[in-house]
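The values are calculated or read from the model by the stated rules, or taken from the named source; none is laboratory data. Keep in mind it's a predicted model, so treat the numbers as computed, not measured. Don't worry about glycine lacking a Cβ; one is built from the backbone with ideal geometry, like all the others, and counts go over all protein chains shown. Accessible surface is based on the protein model in full, side chains and every heavy atom, while ligands, DNA and RNA are left aside. Shrake-Rupley method; radii C 1.70, N 1.55, O 1.52, S 1.80 Å.
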Amino acid sequence: MSASSALSALVGPFRYASAKGFANLHAVKGLKALLEGAVAKARAEGVDAAALAVLEREAAHVDSSDEAERRAAVTRVGQTLASLGLPVGFEAVTARPLEAPKPLPRVKAEEEEALPAPDDELPVEKPKAKRRGKAAASEEDEPARLLSIAPAAGPLSTPLKAIGIRLNPRLIGLLNKKGIRRAGDVLFLLPRVYEDRRQMKKIAQLRAGERETIVAEVRKAEDVVGRSRRKMFRAVLGDGTGTIAVTYFQTGPWLKARFPVGKKLVISGEVRNSQWGWEIAHPEVEPAIDLESSAVHFNRIVPVYPGFERFEQRGVRELAFRIAERFASSLEDALPEELRVRMGLLDLPEAIRRIHFPPDDEDVAQLDAHQSPAHRRLAFDELFFLQLGMALRRQGVKVQPGISFDASGARIEKAKALLPFQLTGAQSRVVEQVSRDMARPEPMNRLVQGDVGSGKTAVALVAAGLALQDGFQVAVMAPTEILAEQHHQNFARLLAPLGARVALITGGGTAKHRREQRAALRDGTLHVAVGTHALIEGSVELAKLGLVVIDEQHRFGVIQRHALMDKGLRPDVLVMTATPIPRTLAMTLYGDLDVSIIDELPPGRTPIVTRVFVEKARPRAYEQVQAELDKGHQAYVVYPLVEESEKVDLADATRGAAELAKIFPNAKVGLLHGRMKNEEKDEAMTAFRARQVDILVCTTVVEVGVDVPNASVMLIESAERFGLSQLHQLRGRVGRGAAKSFCFLLTGYAKSEEARARLQVMEESNDGFVIAERDLDLRGPGEFLGTRQSGMPELAVANLSRDQALLATAQDEARAIVAKDPRLERPEHAPLVRALEERWEGRLKLAQVG
């Protein structure tokens, strides 16, 4: 069967709906209509009729009010798309054979993993839908995750096939798919949660709403008809103290084979009260075959690994046990012993053993919270080596000769005079810090943080003025072409009194124009290069680069930052961000930078009034938008742009623009999104700035830097789909003039406590730093800034919100070591050098060690 262009449009929405254990499902509306429309088009394309019949049948359930039923339907759609060759990429979905339409599709039974395969096996199919318990989510919701400290050499680099343990070939294939190919990969696979199997609970001891694990015997197993007249499977199990029902919102021979009457099973899941008494929907099941004798699977606290189904856990668990026994002792503990003893930390081999198989006296709640002594040791390890790398990078900058600019009072005043306004007190303070850095012989490496609209660009202009007066070139890198164009206009206008020629360097334009620009940069006749990622291309060379300015630093990685720095001989670097960064994250990401904060808004700015509107209150939001238009002001209407579903979202924005033209018949409505050609984007923004457009419908392309003072109101669709810091960035596009400004957050899902809490933060605060701290708490550092793009190792154990004190200690200890041994040349520091090379994988560009 082949893919279809009509069905391709389903991939993004259904992938988004299923991501992170269906965490986004509540935000996705209208899947039924989308699915039915795609099926109709695909039928005309001649797509396999059996596949379309499955999709057509599931359309009746993808918008169901029953969450479990909806999850099951979304998963089956994903499986069907995968079987047609579409790159669905669902974490919890694998392709399976399709059959002609039946009440429910038949699923081929598989064998349970084992090491070696046990005699007493369960037929299995990947579970279709699971409820998230309070204590833990389903393990297939998360990909397998390796600790960032996994070594790549030595005994732990031994391939699994060569470790001398007989492995089930199917288990090897499964591990291989998840990138787990070496002994060390298994050893450093962090358990997601733990189950207390020291003493199994009886059914009579269960509590509703809790995630529980029991051993019980199957008493009855049958198909039943649910409220929606759909066939489901239900089994009743008992243990002598009571009975419990397990329910699947599907059926098939594999399920009946999995629950043979009289068989003892281990059942895990969230317990709830139903009309049948105790019930677990879509439980996780494994055989109770060695209940009394097993030292790995029972009679202890056992690990549950991310990215593996319940029926796969047993094989992974036993493999982890054997590898921990055999290989943990070969780990080199790079942490200095004096430091480890002083902090009361476990040695690394013991910590790894206890991470996988905790001793009986451990607290399970502490383990689940990743706060056990073993977790603390690994968290400190991650933070310490991260800070050691940062300290070396910082030291590397400080010891290298750079440019000592003339930052005399007269030069600074001449640079300030380029601005058509007076600097605020905060701006003046930061200009003083920057000019002091530029006067020093070592390279400047400074981060300027400021809330939206605080005037960071003015500081960059003064710094550029100082560099130009000394005869050096300036490079300014921005994350989007719209922002680069805006910077180009401002720098060209304001630096003109110095005779500076300013060029816009992007990926567009004719080949001849690009050649001429690059030649002028090489011979020094162009003085300022403003651009996007195009600036770091190999063909862009600057004759005398003295200052690098990077705007919206969080959009670029460390490697990109250094690629631009390499265009000159150790130029000064000024990086700026309007995304306020919590202190712990700034220490982690920018430990090699000096930090300045602009904590004062320019005069005349008024706080933005933010209000949340649920869908049924949409007309009231429109009324308030109209009120602003009546005053002669302009409005933004922002549509979300979700990863992998650009086409659908752009269709929403395009449709939205057409609808808004009807709702506001006297207003001129424009459209702006990232897939437009550069000329079209420029035309859209120019028309909006010139007030030829009253309402600009756009995607998040306006998030950064766009400055239209007459825009006084922003309406954000599906606000629950954005992070708080992104909402704050978007909101900052209004309130840039003297008029009172408004931001209206439309949400289609008001029932979620988390969504309500997040959006309430926006209503209550205009302070970007308060919002950033809350966003970090809610989403974690990886999502907050896209840490994988930052050029630093990803944290797998440490939590920047929780481990603030540990991070501060790690930074102090790392800097103390580098202060005493700047190149880590002492023999006792050789293990530190080896560990750094392993963990940073060559990304310590400025660190000069050993």
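Can you give the net charge of the other residues whose Cβ lies under 12 Å from the Cβ of Ser329, counting K and R as +1 and D and E as -1?
Neighbourhood net charge equals -3.
Between beta-carbons, use under 12 Å as the cut-off and find the net charge around Gln517, counting Lys and Arg +1, Asp and Glu -1.
+2
Please go through the residue pairs Lys616/Lys681; Lys456/Lys567; Lys32/Lys668; Lys681/Lys740; Lys456/Lys544; Lys201/Lys263 and name each one whose alpha carbons sit more than 21 Å apart in this structure.
Lys616/Lys681; Lys456/Lys567; Lys32/Lys668; Lys681/Lys740; Lys456/Lys544
Check each of the trypsin sites (Lys or Arg not before Pro) in region 218-259 and keep only those in coil by DSSP with at most 12 other C-beta atoms within 10 angstrom; list them in order.
Those that pass, being in a loop and sparsely packed, are Arg227, Arg229.
Quick one: check the C-alpha center-to-center distance for region 667-735 versus region 356-394, whole angstrom.
Each part's Cα centre sits 43 Å from the other's.
For the pair Asp361/Ser404, report the inter-label distance in nm, with labels modelled 7 Å from Cα in the Cβ direction.
6.2 nm
Once you order the gyration tensor axes a ≥ b ≥ c over the Cα atoms, which shape class does region 231-290 get: rounded for a/c under 1.5, otherwise prolate or oblate by comparing a/b with b/c?
Oblate shape, in that a/c is at least 1.5 and b/c is the bigger or equal ratio.
Dipole of region 253-374, Cα-centred, from +1 at each Lys and Arg C-beta and -1 at each Asp and Glu C-beta, to the nearest 20 debye? Spell out each step's value before the answer.
Details: 15 positive and 21 negative charges, 133 e Å.
In debye, rounded to 20, region 253-374 gives about 640.
Restrict the search to region 391-480; then list the chymotrypsin sites (Phe, Trp or Tyr not before Pro) that DSSP places in a loop and that have at most 14 other Cβ atoms within 10 Å of their Cβ.
Sites meeting the loop and neighbour criteria: Phe421.
Rolling a 1.4 angstrom probe over the protein heavy atoms, how many square angstrom per residue are accessible across region 313-471?
With all protein chains present, region 313-471 gives 35 Å² per residue.
Go through region 707-772 and name the GluC sites (Glu not before Pro) that are in a DSSP coil and have 16 or fewer other Cβ atoms within 10 Å of their Cβ.
Values: sites: Glu717, Glu720, Glu753, Glu754, Glu763, Glu764; in loops: Glu717.
Within region 707-772, no GluC sites (Glu not before Pro) qualify (loop, at most 16 other Cβ atoms within 10 Å).
Checking the a/c ratio against 1.5 first, then a/b against b/c, what shape does the Cα gyration tensor give for region 660-736?
Judged from the Cα gyration tensor, region 660-736 comes out rounded (a/c under 1.5).
First compute the accessible area of region 318-392 with a 1.4 Å probe, then give the percent of it belonging to carbon and sulfur atoms. Display every interim value, and only then the final one.
On the way: 1220 of 2710 Å².
Reported share for carbon and sulfur atoms: 45 percent.
Quick one: putting +1 on the C-beta of Lys and Arg, -1 on the C-beta of Asp and Glu, what dipole do you get for region 317-456 around its Cα centre, in Debye to the nearest 20? Don't skip to the answer; put the middle values down first.
Numbers: 20 positive and 21 negative charges, 220 e Å.
The calculated dipole for region 317-456 is roughly 1060 debye.
Sorted by mean Cβ packing within 10 Å, highest first, what order do the peptides 480-491, 344-355 take?
In decreasing order of mean packing, 480-491, 344-355 become 480-491, 344-355.
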